[in-house]
Amino acid sequence: MIIPLTKRRKDGTPYLRPDNIEALLQALADLPRDELLERTSIRDRKDPLYVPTECVLHFVRASRRDNSDTGFERLYRILFERVLCALPRAETSGNTVSLLKERIRNAVSDRFVELLAKDRHEPDERLDFFEVRFDLAIKRLRLDAQERAWREEGRSDPLDADTNVSEREAVAAIAEDTFEANILSDPHFRDRVYLAIDNLPPEQSRTMHLLMLGWPTHSNDPAVMTIAKALGCSDRSVRNYRERALKTLVALFNPGDDQ
Amino acid sequence: MTTNPTPLALEDVLDLFQMEEAHDGDVLARYVEAHPEFALQLIDLSRLMATPELNDDAPLSAIDQSRIDAAWIVHKAAGLELKGGPNPLDALAGERGKALAGTLGVPRQVVTCLRERKVDPSRTPHPILKALGEALEIPEPYVIAAMRQASTLGSGRRFKADGKPGTAAQVSFEQVLIEAGVPEADRKRLLTEGD
């Protein structure tokens, strides 16, 4: 029997695993341990035998009393490998962005170890959401770690409203409009851009994300939510964040144009 | 007379947001409008949700492999039930505690904090756990299990709690070093994870 989750939402309704996860758990529970381990060690998500991490986590949690079972250790290691694979790696260059990524990666993996260890000692419903949407739950841990790391590093893009006009004009010359049009129309390109804006200073990555969601920079209608209002800055600052971000992204995707 | 509902905490707002069916610009705008104090966190979460999952097939580095080894030791220790009797850390009193302080190069009060289970093992570097295991002549998982065991001391030396009232207020090893006035260079040496 697959034990139901116990965590409840604010309105009292329980967290439920998606139907496909619940059905797969039922099927996997009947497999011999060796076969289960073999299937969970598949890392290619497109493989038809791939076991989602929600299920791997479930079996680790359900085996919390298997102290002596080497199979259990193997399963735990597979789970932890997946956590590490879900976190951006630092490049070997050792620059500021890399060091920041490494700090975030360490903080998230440490937090996950802690949560899982506590859950093994005594069932802890904070892990329930990881059995519902594992990738998203890891992103929540990233959010916490990232905010702390940014704060500690003082990582921001402190633009004043008068940042130079000549830079703006130069940036405008490198076909920002075309670039933005590509972002909005090509889903594959959007994915690449999202991975790239992960490395930008917080204000720039937020601005780019909101632009990609179709938010206006400014509006004469006070009822309309704008980027400037949400970020608590002026319209002009938002334009500067956008231009700086686009300059970085255009240089990244069209390196020849920036030379 | 009407009463205002209790304001939601950040975690509750993010929980609600992540459970929405859709996460487009309109939904985000609605949340930011309703919870302007959490606007930045909502935007950051929304951005992370829009970021595609990493499909990293590259082999893990040696550092990652040792990280997994260390994680397994912590996890294994969490499954250990210490039998009755004294906590192994109690042995760090007197000469044994003094010797460990000398080995680590830390003030005695750091060892006292370890003995009193004031230090969170998950926030203690691996080499320190190893040194504790050697000093106490017990395997590392038992060191972690001993550190996790609730302290029997009802009063005495206390640090500011970093958790909610009522929860065990264990602190990081780094915090203990700072409180003990250990210089930054020594802290750096002691906080290195090593291989």
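The values are calculated or read from the model by the stated rules, or taken from the named source; none is laboratory data. What you see is a predicted model, and the numbers here were worked out from it, not measured in a lab. With ideal geometry, Cβ positions are generated from the backbone for all residues, glycine too; neighbour counts draw on all protein chains shown. Side chains are part of the model used for accessible areas, which takes the heavy atoms of the whole protein and leaves out ligands, DNA and RNA. Shrake-Rupley method; radii C 1.70, N 1.55, O 1.52, S 1.80 Å.
Which one of these is in contact (Cβ under 8 Å) with a residue 24 or more places away in the chain, open to solvent by 40 Å² or more (accessible area, probe 1.4 Å) and either at the interface with chain A (Cβ under 8 Å from one of its Cβ atoms) or over 20 Å from A:Gly232 (Cα atoms) (or both): B:Leu45, B:Leu8, B:Leu16, B:Leu54? From the options B:Leu45, B:Leu8, B:Leu16, B:Leu54, the qualifying one is B:Leu8. What about A:Leu57, is it on the phi < 0 side of the Ramachandran plot, more than 10 Å from chain B (Cβ to nearest Cβ) and open to solvent by 50 Å² or more (accessible area, probe 1.4 Å)? No: the conditions fail for A:Leu57. Restricting to segment B:63-82, and then to whatever is more than 7 Å from chain A (Cβ to nearest Cβ), assigned to a helix (DSSP H, G or I) and touching a residue at least 12 places away in the same chain (Cβ under 8 Å), can you tell me which residue is surrounded by the most Cβ atoms within 10 Å (Cβ to Cβ)? Here the answer is B:Ala77.
The helices (runs of 4 or more DSSP H) located wholly in segment A:32-89 that include 2 or more residues which are more than 20 Å from A:Arg133 (Cα to Cα) occupy A:33-40, A:70-85. Determine whether segment B:24-37 contains at least one residue that is assigned by TED's automatic domain parsing to the domain that holds B:Glu140, of a type in the set (Ser, Thr, Tyr) and either modelled with pLDDT of 90 or more or more than 28 Å from A:Ala196 (Cβ to Cβ) (or both). Taking every residue of segment B:24-37 in turn, none turns out to be assigned by TED's automatic domain parsing to the domain that holds B:Glu140, of a type in the set (Ser, Thr, Tyr) and either modelled with pLDDT of 90 or more or more than 28 Å from A:Ala196 (Cβ to Cβ) (or both).
Among the residues of segment A:110-117, is any more than 10 Å from chain B (Cβ to nearest Cβ) and at pLDDT below 95? Can you show your working first?
Kept after step one, since they are more than 10 Å from chain B (Cβ to nearest Cβ), are these residues of segment A:110-117: none.
The answer is no; no qualifying residue exists.
Restricting A:Arg155, A:Arg151, A:Arg239 to those that are modelled with pLDDT under 85 and either under 26 Å from B:Met19 (Cα atoms) or part of a helix (DSSP H, G or I) (or both) reduces the list to A:Arg151.
Is it fair to say B:Leu42 is over 30 Å from A:Asp47 (Cα atoms) and part of a loop (DSSP other than H, G, I, E, B)? No, not satisfied.
Could you go through segment B:84-97 and let me know if any residue there is free of Cβ contacts under 8 Å to residues at least 40 places away in the same chain, more than 8 Å from chain A (Cβ to nearest Cβ) and among the hydrophobic types (A, V, I, L, M, F, W, C). The answer is yes; a qualifying residue exists.
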